[in-house]
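Beneath this line is the structure, given in structure tokens, with notes to follow.
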Amino acid sequence: MSGRVVVVGSLNQDLVVNLERMPLSGETVFGDDLERHAGGKGLNQAVAAARLGAAVSMVGSISADSAGDFLMKVVNEEGIDATHIARVDGLSGTAVIEVERSGANRIVVIPGANAKVNADQVRAALEAIPDIAVVLTQGEVPADAVHAAMATGRARGARTILNPSPVQDYSDEIYDLVDIAVPNEHEIELITGRPAPTAAEATAAARRLAERGAGTVVVTRGANGSVWSTLTRSGSAGSFTVRAVDTVAAGDAFCGVLAAAIAEGRSLSEALRWGSAAGALAATRAGAVPSLPRRDEVEELVNIDH
């Protein structure tokens, strides 16, 4: 491994309700069961990168509550450096997730401690962590923390990756600092105003975001793979056929493994393929962190389907 992946992002306890179908507005339905998992886009992506074999540091905030203790235990068990995870007042981040039997999901996130991640904390952490190859962040922490992650990562000579999920009102100044942006087809439409239901339209929307400053824009399209564009080039990456059980962390698996693959010196096309395999495997299992695959599983799928 040539360098470290630093993930600046959220840590949540996920309360997962499994049910036959989502309720309509005003409707009451029965759930099958209730589970608690570790999650949050930041933690999911950090675990995905660590399970691929990357050295990973996490920058974020949790509270001094039982949920925070639970999340810190997971971080330590996964071998992730927790030096720069702060303990703050209030509640730890929480997500309430409804998962249909089809695998479709709906998520409500209560930021809690994640809303207290700030630019000074992020800058201090990134200036202290040695041998950074990739800095990865998402939209579940405040925009000033995202900007600090991209700016300080760029100053440290790292590759910068932004997963703008959920979408915030990022300035072009932030996109100018992003080497790789990874929105999904819904997020790219929110960011650019261009619908992206087809590969051609998603590529055009990706090009539009590249024109705003992002170096390479990768649009993930679920079972339809992904497309990417720079100002001058574009391409696509295929998907892997699996039976989806729960798609909650599939996008996070993609991003974390993409970052880890880039940190170990793989090309973008290779990294996208590894990310796609990880996302597909994550969709075959329930939960967020519990669904994230390990390197041998990803490697096997990449080689079998080559």
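Values in this text are rule-based calculations from the coordinates and carry no lab data. For clarity, every value in this text was computed on a predicted model and none was experimentally measured. Cβ atoms come from the backbone with ideal geometry, glycine included; neighbour counts cover every protein chain shown.
Some observations on this one:
- Whole-Å distance, taken between Cα centres, linking the stretch 86-116 and the stretch 198-217: 29
- All C-alpha pair distances within the stretch 49-192, sorted into 10 Å bins from zero, spread as 11, 37, 39, 13, 1 percent across the bins.
- Taking 0.36 nm per residue of separation and subtracting the current Cα-Cα distance, fully stretching the chain between T198 and V17 would add 62.0 nm.
- Charge tally for D176 (other residues, Cβ to Cβ under 13 Å; Lys, Arg +1; Asp, Glu -1): -2.
- Proximal charge balance of D120 [Cβ under 14 Å; K/R count +1, D/E count -1]: 0
- Peptide ranges 81-91, 243-253 listed from the most packed, as the mean C-beta count within 10 angstrom indicates: 243-253, 81-91
- For T220, net neighbour charge (Lys/Arg +1, Asp/Glu -1) across residues whose Cβ lies under 10 Å away: -1
- Summary of the geometry: the stretch 19-66 and the stretch 244-306, compared by the centres of their Cα atoms, lie 17 Å apart.
- Assigned charges on the beta-carbon of Lys, Arg, Asp, Glu; the stretch 12-74 dipole about Cα centre (debye): 380
- Förster-model FRET efficiency, 25 Å R0, D169 and A86, C-beta, rounded to 0.05: 0.50
- Long-range amide H partners of I110 with built H, under 5 Å: T94, A95, V96
- J(HN,Hα) series, the stretch 161-171, from Karplus relation 6.51 cos²θ - 1.76 cosθ + 1.60, nearest Hz, glycine and proline x: 10, 10, 9, x, 9, x, 5, 10, 7, 6, 7
- Relative contact order (percent, whole number), the stretch 75-216, Cα cutoff 8 Å, 6+ residue spacing: 15
- In this simple spin-label approximation, N118 and R285 carry label points 7 Å from Cα along the Cα→Cβ vector, and these lie 3.8 nm apart.
- Value of D in µm² per second that Stokes-Einstein yields for the chain, Kirkwood Rh from Cα pairs, at 10 °C (1.306 mPa s): 84
- Residue-averaged 222 nm ellipticity for the chain, from DSSP H runs of 4+ at -39500 (n - 2.57), nearest 500: -11000 deg cm²/dmol
- Packing, taken as the mean count of other beta carbons within 10 Å per residue, orders the peptides 92-103, 67-78, 217-228 from highest to lowest as 217-228, 92-103, 67-78.
- Difference of contour (0.36 nm per residue) and Cα-Cα distance, T232 to N76: 51.9 nm
- Overall form of the stretch 193-306 per C-alpha gyration tensor (a/c, 1.5; a/b vs b/c): prolate
- Separation of the N224 and E300 label points, Cα + 7 Å toward Cβ, nm: 3.1
- Estimated dipole of the chain in Debye, rounded to 20 [Cβ of Lys and Arg +1, of Asp and Glu -1, Cα centre]: 600
- Listing V257, V29 from fewest to most neighbouring C-beta atoms within 10 Å gives V29, V257.
- Of the residues V56, T28, S267, the one whose Cα sits farthest towards the positive end of the charge dipole of the chain is S267 (charges of +1 on Lys and Arg Cβ, -1 on Asp and Glu Cβ, taken about the Cα centre).
- Share antiparallel - DSSP beta bridges, the chain, percent rounded to 5: 40
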